[in-house]
Amino acid sequence: MKRLFFYLLIFGPVCIAAQEAFEVKGFCISAPSSDQVVPFIDFIRNDLAPKGINTLVLRVDYNYAYESRPELRDPNPLSKVQVKQLVGVCKELNINIIPQVNLLGHQSWHSKHTKLLEKYPAFDETPKVKLPKEYVWPNDDGLYCKSYCPLHPDVHKVVFDLMDEIITVFEANAFHAGMDEVFYLADDDCPRCKGKDPATLFAGELTKISNHLSKNNVRLWIWGDRLIDGAATGIGMWEASMNNTARAIDMIPKSVVICDWHYEIAHPTPVYFAMKGFDVVSCPWRKPSVATTQVNMMNDFKNNASPEMASRFLGVMQTYWSSPTNFRKEQKNLSEKNNSAACFNAMVSAIDAIEKSLEK
C-alpha cells in the first residue's frame, strides 16, 4: 500500500485493472431472427457487456444466408451485413463471438428435419426411422434427434462448406460444433457404420472437424456429454453417454474446448476433463442454485490445482435454449422457479463476488 501511495503522489491517479475470476464468462443463445438484430445488439450492449460477459456462443445453424450452400438457408435468414453488425458490436465490447452449427446429432427436432437432412436425405444415419406427425418421448424408435452418417462419402463436402463460410463471416477464432445428445450412431441398418465402435466413430468425426478447423487456426468447442460414462457416473443418458461413446475422450485432440453442461446438479465433471488434458467450461441453464455452485466449484478447482490443471478451468457459460426475444421475456418474470434469466443473474453475481474478493 505504501508503494501504491508513493506512485499516486508522483504520477497521479493510475488505472489498476480488475482481476478476472475466469478467462471465459460466457453466454450461449440462438442467433436472433433477421427482424430482431437491432434489439439483440441492444441486449449485447446493455445486458451482456455490463455484466462482464466476454464470450458469446451464438447458435446459428441454418439461420444465415449461406452463399456456398443456399439450399440450406432457413426462411428469412441473417444477412452478411447483419452478421457484420453483430461482429462489430462484439469487437467494440471485447466479446469473443463463437458461431455454432450443430454437427453429427441434432439433425431433426420433433417432427421436422433440419435443413441438412431435408435437402440431403441420403446423409441420414437412420433413414428407416420416420419422423412422426405427433412426437412423444419415449417412443419405440428411441427417436430424440436424427444424426447424419459420419462415414457418408459426401457429407463433409457440404458440412465443411458451411463451417468455412460461417467462420469467415463471423471472423471467428473458434467454432462450436454442438455434438451433444447423439443417440443414433453405429446403427445396425447403416451400411457404412454397422458393427463399428461408437466411440471410434464419434472420435473420428470430432477429429475430422477439428483438423479442418485447425487449417485456419480456429479452435473447436463442443458440448461434453458424449464423453462422460453415464453408467459409471450415474449421470444417465442425457448429460452423459449410455451408448458407448465415452471412450472417445482418449481418442480426440486435446485442443478441443469442452462445454460441460449440467442442469439439475453441479456434477464435478470439469475435473475429469481437466485431468484428461482438456480446457473446460461449466454450463448451467435454469436453476440459479446450480449456477452459483458451478461458479464456486470452478473457482475452487482453480485454486486447489497445479498450474497446469488450473489453467484448464476456463470459466462458466450460461446456456439458453430459445430465442433472444424469449430470454428478454424471462428477464421480466424472475419470480418463476426455473428461470434462465434468474440463473444468469446468479452466475454473474457469483462471479462478481469472487472478483471483489480478489481485489482485497
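The values are calculated or read from the model by the stated rules, or taken from the named source; none is laboratory data. Please read all numbers here as calculations on a predicted model, not as lab measurements. With ideal geometry, Cβ positions are generated from the backbone for all residues, glycine too; neighbour counts draw on all protein chains shown.
Please determine, by comparing only the residues of the range 48-79 that are among the charged types (D, E, K, R) and under 24 Å from D260 (Cα atoms), which one is surrounded by the most Cβ atoms within 10 Å (Cβ to Cβ). Quick ask: steps written out before the conclusion?
To start, the set of residues in the range 48-79 that are among the charged types (D, E, K, R) comprises 51, 59, 61, 67, 69, 71, 73-74.
Okay, now just the ones that are also under 24 Å from D260 (Cα atoms), so 51, 59, 61.
Working: K51: 17, R59: 18, D61: 23.
Filtering first and then ranking leaves D61.
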Boolean, K84 is in contact (Cβ under 8 Å) with a residue 12 or more places away in the chain and either within 17 Å of the chain's Cα centre (by Cα) or more than 30 Å from L358 (Cβ to Cβ) (or both): yes
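Could you tell me which residue of the range 1-29 is farthest from F175 (Cα to Cα), considering only residues that are at pLDDT 95 or above and assigned to a loop (DSSP other than H, G, I, E, B)?
The qualifying residue farthest from F175 (Cα to Cα) is F22.
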Hey, any hits in the range 259-268 for a residue that's within 13 Å of F22 (Cβ to Cβ) and of a type in the set (A, V, I, L, M, F, W, C)? no
Residues being farther than 27 Å from T319 by Cβ and touching an Asp or Glu at 6+ places or on another chain (Cβ under 8 Å): count how many of those fall in the range 138-190. 4
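Would you confirm whether any residue within the range 55-68 is of a type in the set (D, E, K, R) and in contact with a helix residue (DSSP H, G or I) (Cβ under 6 Å, 6 or more places away or on another chain)?
Initially, the range 55-68 is screened for residues of a type in the set (D, E, K, R), giving 59, 61, 67.
Those still in the list that are in contact with a helix residue (DSSP H, G or I) (Cβ under 6 Å, 6 or more places away or on another chain) too: none.
Among the residues of the range 55-68, not one is of a type in the set (D, E, K, R) and in contact with a helix residue (DSSP H, G or I) (Cβ under 6 Å, 6 or more places away or on another chain), which makes the answer no.
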Do you know which of the residues in the range 297-354 that are among the aromatic types (F, W, Y) and assigned to a helix (DSSP H, G or I) is nearest to V256 (Cα to Cα)? F301
Taking the range 121-149 and keeping only residues that are closer than 21 Å to D188 by Cα and either assigned to a strand (DSSP E or B) or hydroxyl-bearing (S, T, Y) (or both), one is left with D124, T126, Y144, S147, Y148
Which listed residue, of E67, E20, E71, E92, is farther than 23 Å from A341 by Cβ, of a type in the set (D, E) and free of Cβ contacts under 8 Å to residues at least 12 places away in the same chain: E92
Those residues that are touching a Cys at 6+ places or on another chain (Cβ under 7 Å), assigned to a strand (DSSP E or B) and aliphatic (A, V, I, L, M), I need them from the range 272-296; list them, please. V281
Every listed condition ((1) within 26 Å of H212 (Cβ to Cβ); (2) surrounded by 16 or more Cβ atoms within 10 Å (Cβ to Cβ); (3) among the basic types (K, R)) holds for K84 save (2)
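Each row is one residue, and each column tells you yes or no for (1) surrounded by fewer than 21 Cβ atoms within 10 Å (Cβ to Cβ); (2) closer than 17 Å to F22 by Cβ; (3) in contact with a strand residue (DSSP E or B) (Cβ under 6 Å, 6 or more places away or on another chain).
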residue: Q318; (1), (2), (3): no, yes, yes
residue: N326; (1), (2), (3): yes, no, no
residue: E330; (1), (2), (3): yes, no, no
residue: N338; (1), (2), (3): yes, no, no
residue: A341; (1), (2), (3): no, no, no
residue: A346; (1), (2), (3): no, yes, no
residue: S349; (1), (2), (3): yes, yes, no
residue: E355; (1), (2), (3): yes, yes, no
residue: K360; (1), (2), (3): yes, no, no
Per-region count, the range 30-70, residues of a type in the set (F, W, Y), part of a loop (DSSP other than H, G, I, E, B) and in contact with a strand residue (DSSP E or B) (Cβ under 6 Å, 6 or more places away or on another chain): 0
Failed criterion for Q107 (all others in (1) under 14 Å from F170 (Cα atoms); (2) touching a residue at least 40 places away in the same chain (Cβ under 8 Å); (3) touching a strand residue (DSSP E or B) at 6+ places or on another chain (Cβ under 8 Å) hold): (1)
Lone qualifier among N244, N211 - being in contact with a helix residue (DSSP H, G or I) (Cβ under 6 Å, 6 or more places away or on another chain) and either surrounded by fewer than 22 Cβ atoms within 10 Å (Cβ to Cβ) or under 24 Å from R59 (Cβ atoms) (or both): N244
Given the conditions (1) surrounded by fewer than 16 Cβ atoms within 10 Å (Cβ to Cβ); (2) within 19 Å of P268 (Cα to Cα), report the number of the one that D225 does not fulfil. (1)
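With a cut-off of at least 1 residues that are small (G, A, S), name the strands (runs of 3 or more DSSP E) lying wholly within the range 167-271.
Result: 174-178.
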Taking the range 71-105 and keeping only residues that are among the β-branched types (V, I, T) and assigned to a helix (DSSP H, G or I), one is left with V81, V83, V87, V89
